[in-house]
């Protein structure tokens, strides 16, 4: 009798590998659905932990956005390189997004997200050290590592969707995003006080916000590492099937096996987020430089950027509900129109008018918010648990590369043609996503026509 039992235990361990690495609650959930009360309880806990981590993560994110370009301009003495820090740490976020996506697919959200935030904290420490010794090589190397925090901030929104039903996916992603507002809005407004604190301890004033980033990213990583139990991705894998009752945006029912290749829904979702990210990063990166060259003080720059970041994240709960109820595609089109309006206002705004620059940056943040939540939900709709985290990481690589391109090129564009040209060009680029949305919508309609029998076509997701 003692012999068969170890053999049985080994077989059971092979069938259910997540029982030992995730949570003791996972095995009883096998066969449940996302509507089960136990799963909903885990989802509520997951959102609470992710929201807490995002409050810290937002504060770390704000440092690079607000003063990264100013540090590079002061250290290297050229306006043309002011966009490089944004490009470098966004490139770093691309590498991190790829790594976090694949690591999360294997080890779960908890370890993947925690590792990303802790790497961002290490990068922030390196930036402070580079500012103290005035070493440009260390500055850009540290900015590359600091980008891990940015990537993790974005990847955390997916953790909120792992156990959400299809009809609440955008709202779940929004809950994770809106928490970023509290830290991200406070960060730029602390530029002045943090600069004074930095000066008092012998650190250059502009490096002060990165002291906050090191602490904030570290706290976010530890929060996830300790509290994100059970891991939502591991729990999701124990469920019998994908959540049922797909929304009107889903061309393929949840959990159904997909054909080889990239689903059109992934392509469209990625395109929406890539175009909005490129536009937002380019205009946002050069706004502090543009303002400082027209005699706006550091506090004024911090206020405008904080309002911009508030518009990026604070409307998320409302936007998430709109994406779930109005639809992914209409909100993606709204993103293009809003970003075009932001570009026009920024281009036409008098350089000395803080009011109009603020309006432009708020519209810029709002358009980005529309695009990110619509694109995120399209990606979740078009993937299954077998490849979701890996696909999400790959898409976020493209988003980060788009941001890196926009940030790095923005300084050169402004130097050669001026800030208005950059702003207007960015708005026109974002408007290009409208034809992509129309193509996808037309393909979905064609796939569900009675004469086609509802068979998927090239335009379905």
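The values are calculated or read from the model by the stated rules, or taken from the named source; none is laboratory data. A quick note: this is a predicted structure, and the numbers were derived from the prediction, not measured. Using ideal geometry, Cβ is built from the backbone for each residue, glycine included, and neighbour counts are taken over all protein chains shown.
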Considering 89, 18, 56, which residue is modelled with pLDDT of 80 or more and buried (at least 19 other Cβ atoms within 10 Å of the Cβ)?
56
Residue tally, condition at pLDDT below 85 and either assigned to a helix (DSSP H, G or I) or surrounded by 18 or more Cβ atoms within 10 Å (Cβ to Cβ) (or both), over the range 416-461
12
Residues of the range 24-50 satisfying the condition of being at pLDDT 80 or above, surrounded by fewer than 19 Cβ atoms within 10 Å (Cβ to Cβ) and in a helix (DSSP H, G or I):
37, 38, 40, 41, 44, 45, 48
On the basis of being buried (at least 21 other Cβ atoms within 10 Å of the Cβ), within 30 Å of residue 411 (Cα to Cα) and at pLDDT 95 or above, does residue 119 make the cut?
yes
Give 253, 257, 246 a once-over and let me know the one that is surrounded by fewer than 24 Cβ atoms within 10 Å (Cβ to Cβ), at pLDDT below 85, in contact with a helix residue (DSSP H, G or I) (Cβ under 8 Å, 6 or more places away or on another chain) and not in a helix (DSSP H, G or I).
246
Would you mind stating whether residue 405 is under 20 Å from residue 335 (Cβ atoms), out of contact with any strand residue (DSSP E or B) (no Cβ under 8 Å at 6 or more places or on another chain), in contact (Cβ under 8 Å) with a residue 60 or more places away in the chain and assigned to a helix (DSSP H, G or I)?
yes
Could you tell me whether any residue of the range 131-143 is within 15 Å of the chain's Cα centre (by Cα), crowded, with 24+ Cβ neighbours inside 10 Å and either within 22 Å of residue 177 (Cα to Cα) or modelled with pLDDT of 90 or more (or both)?
no
Can you tell which of 343, 327 is under 30 Å from residue 444 (Cβ atoms) and buried (at least 20 other Cβ atoms within 10 Å of the Cβ)?
343
Here are some residues: 378, 314. Which one is in contact with a helix residue (DSSP H, G or I) (Cβ under 9 Å, 6 or more places away or on another chain) and crowded, with 23+ Cβ neighbours inside 10 Å?
378
Given the criterion crowded, with 24+ Cβ neighbours inside 10 Å, closer than 23 Å to residue 194 by Cβ and in contact with a helix residue (DSSP H, G or I) (Cβ under 9 Å, 6 or more places away or on another chain), identify the matching residue among 287, 319, 276.
287
